[in-house]
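First up is the structure itself, then whatever we jot down about it.
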Amino acid sequence: MFNKIMKRGHRKGSKGELPDSGAYGYAPPGNRNSGSVSTSNVVVNHASRGAPVQQQPGGAVVAAAPPSGTIETLPLFKDVAPSERQNLFLRKLQICCFQFDFSDTLKMVREKEIKRQTLVEVVDFIQSGSGKIIESIQEEMVRMISVNIFRCLPPASHENTGSENVDPEEDEPYLEPSWPHLQLVYELLLRYVVSPETDTKVAKRYIDHSFVLKLLDLFDSEDPREREYLKTILHRIYGKFMVHRPYIRKAINNIFYRFIYETERHSGIGELLEILGSIINGFALPMKEEHKLFLIRALIPLHKPKPIAMYHQQLSYCITQFVEKDYKLADTVIRGLLKYWPVTNCQKEVLFLGELEEVLEATQAAEFQRCMVPLFRQIARCLNSSHFQVAERALFLWNNEHIVGLIAQNRNVILPIIFEALEKNIQSHWNQAVHGLTVNVRKMFLEMDVDLFEECQRMHAERESRARELEDQRELTWQRLTAAAQGG
């Protein structure tokens with residue numbers, strides 16, 4: 001057996017040869033010139049080499065490829081001498097490069113289980129910190145991880161059905177059939193990234209920009225378990241590899257731009273926003289112009305797409321973080337919300353009103369005064385909404401002490417804007433709860449400033465009187481025209 005290994009190890013492979021989809025772990029069966037071995041529907045991909053040879057410090061030569069097209073069971077790490085564990089680790093990595101068809105659960109059950117057990121052992125070995133992983137082994141490990149996780153994602157559910165109006169919350173989430181293996185590969189990557197033994201100066205050669213970009217592409221996976229792992233791993237990479245931070249932020253920006261202006265379809269916007277929420281929380285003050293532009297060009301326009309309900313909670317958190325970090329951004333944020341305020345989508349309006357309350361809680365008086373006129377014109381329209389949830393949510397703003405304080409300081413401007421909307425609700429709104437809340441808000445303004453309230457009441461009565469006079473004149477004019485037409 002050893003002689004066979006030695007012979008395969010010394011066989012010269014072409015370094016320039018790469019499978020068509022080698023970066024994603026696929027290789028066409030039977031393509032012998034691609035650096036992959038295929039037997040019995042099992043494919044092992046050796047990335048950029050035909051049959052790499054590893055030279056260990058002790059002079060031992062270890063063949064990176066398995067000696068045959070079948071998976072062999074290897075001894076446990078505890079059963080070999082410490083000096084042999086690096087070699088054994090490399091051989092186990094090669095077994096983990098085998099790819100299987102998970103669409104048929106009865107096919108190659110034994111081989112799938114051997115790979116799963118091998119992945120468990122590799123994860124435990126990294127987690128235990130039994131020994132420092134040398135650089136060449138790190139390279140092979142990242143290559144094995146790439147072979148397994150970087151793949152073409154299956155078509156989204158809406159692409160399969162041809163339906164454009166699919167509610168993702170109502171659909172059953174797609175679950176990746178290869179998850180028993182994939183989860184362990186993600187766990188290995190996570191343990192490698194967070195391990196104190198991992199030297200970022202070495203690791204950044206393999207966890208490079210290309211790797212990060214492919215990792216970001218996987219956020220479009222429909223499997224929520226995969227997105228959760230990706231979120232944790234990318235966050236850890238951002239924290240540990242400072243050299244990658246600007247690139248990661250820019251790449252996430254580009255995903256958002258494509259989502260907002262082209263596709264309006266992406267499964268991982270919520271998870272990416274969760275990562276950004278933590279990143280924004282760590283921004284130093286004074287805030288860089290780059291970060292402010294990110295808010296204006298990416299985060300605020302994310303209020304535009306139809307599926308905002310899927311990620312609004314995370315988006316609202318990011319927006320609020322910006323305002324809490326720099327209160328001067330409140331005016332920019334509120335005007336941005338008003339720009340994208342929904343016209344016909346009532347559920348979206350309810351979300352906007354909830355976010356508006358959170359932003360106003362972090363808003364100071366000076367910024368509030370800059371935007372209060374257009375803001376309360378929009379709130380007045382919401383008060384008169386025939387959808388009771390919109391009207392109710394707008395009235396709930398008066399339950400917030402900080403917002404009531406801001407309104408009280410600027411009541412001379414605000415009450416004249418919304419007085420007519422309050423009166424209209426009391427006179428004619430169909431919903432009893434909205435009617436009751438409106439009465440409470442009206443009473444609150446009356447207690448704030450009796451003279452102002454009475455002045456607004458008088459002006460409202462005058463407007464109503466003028467409107468009735470105009471209506472009467474219009475009616476009289478029509479009567480005259482009718483009489484003239486009949487007389488002629």
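The values are calculated or read from the model by the stated rules, or taken from the named source; none is laboratory data. Because the structure is predicted, anything quoted here is derived from the model rather than measured. Cβ placement follows ideal geometry from the backbone for every residue including glycine, while neighbour counts extend to all protein chains displayed.
State all residues of segment 355-377 that are of a type in the set (A, V, I, L, M, F, W, C) and either touching a residue at least 60 places away in the same chain (Cβ under 8 Å) or surrounded by fewer than 18 Cβ atoms within 10 Å (Cβ to Cβ) (or both); if no residue qualifies, say none.
365, 366, 373
Which condition number does residue 391 fail, the rest of (1) small (Gly, Ala, Ser); (2) surrounded by fewer than 20 Cβ atoms within 10 Å (Cβ to Cβ); (3) in a helix (DSSP H, G or I) being met?
Here residue 391 meets the rest and fails (2).
Given the conditions (1) acidic (Asp, Glu); (2) over 30 Å from residue 174 (Cα atoms); (3) crowded, with 18+ Cβ neighbours inside 10 Å, report the number of the one that residue 290 does not fulfil.
(3)
Could we say that residue 262 is in contact with a Lys or Arg (Cβ under 6 Å, 6 or more places away or on another chain) and within 22 Å of residue 214 (Cβ to Cβ) here?
No, not satisfied.
Would you point out the residue of segment 125-147, among those that are surrounded by fewer than 14 Cβ atoms within 10 Å (Cβ to Cβ) and out of contact with any Ser or Thr (no Cβ under 9 Å at 6 or more places or on another chain), that is modelled with the lowest pLDDT?
132
When only residues in segment 303-336 that are small (Gly, Ala, Ser) and crowded, with 18+ Cβ neighbours inside 10 Å count, which is nearest to residue 351 (Cα to Cα)?
Ranking the candidates gives 316 first.
Listed residues 269, 280; which is crowded, with 20+ Cβ neighbours inside 10 Å, within 30 Å of residue 335 (Cα to Cα) and more than 13 Å from the chain's Cα centre (by Cα)?
280
Restricting attention to segment 380-406, which residues are closer than 24 Å to residue 339 by Cα and either touching a strand residue (DSSP E or B) at 6+ places or on another chain (Cβ under 9 Å) or free of Cβ contacts under 8 Å to residues at least 40 places away in the same chain (or both)?
Passing the criteria: 382, 385.
Can you name the condition, by its number, that residue 455 falls short on among (1) touching a helix residue (DSSP H, G or I) at 6+ places or on another chain (Cβ under 8 Å); (2) surrounded by 15 or more Cβ atoms within 10 Å (Cβ to Cβ)?
(1)
Has segment 259-278 got at least one residue that is in contact with a Leu (Cβ under 7 Å, 6 or more places away or on another chain), among the aromatic types (Phe, Trp, Tyr) and either modelled with pLDDT of 95 or more or not in a helix (DSSP H, G or I) (or both)?
No, because not a single residue in segment 259-278 is in contact with a Leu (Cβ under 7 Å, 6 or more places away or on another chain), among the aromatic types (Phe, Trp, Tyr) and either modelled with pLDDT of 95 or more or not in a helix (DSSP H, G or I) (or both).
So residue 241 passes all but one of these: (1) aromatic (Phe, Trp, Tyr); (2) closer than 19 Å to residue 156 by Cβ; (3) out of contact with any Gly (no Cβ under 8 Å at 6 or more places or on another chain). Which condition number does it fail?
That leaves (2) as the condition not met.
Scan segment 170-183 and tell me whether some residue there is among the acidic types (Asp, Glu), within 26 Å of residue 266 (Cβ to Cβ) and in a helix (DSSP H, G or I).
Checked against the condition, which is being among the acidic types (Asp, Glu), within 26 Å of residue 266 (Cβ to Cβ) and in a helix (DSSP H, G or I), segment 170-183 yields no hits at all.
Would you check if there is a residue in segment 232-246 being farther than 26 Å from residue 322 by Cβ and not in a helix (DSSP H, G or I)?
No, that holds for no residue.
Show me the helices (runs of 4 or more DSSP H) found entirely inside segment 281-374 where at least 2 residues are in contact with a Gly (Cβ under 7 Å, 6 or more places away or on another chain) and over 22 Å from residue 389 (Cα atoms).
Once the helices (runs of 4 or more DSSP H) in segment 281-374 are filtered for at least 2 residues that are in contact with a Gly (Cβ under 7 Å, 6 or more places away or on another chain) and over 22 Å from residue 389 (Cα atoms), what remains is 312-325.
So in segment 148-166, with the set limited to residues that are surrounded by 15 or more Cβ atoms within 10 Å (Cβ to Cβ) and modelled with pLDDT of 85 or more, which one is farthest from residue 185 (Cα to Cα)?
That would be 153.
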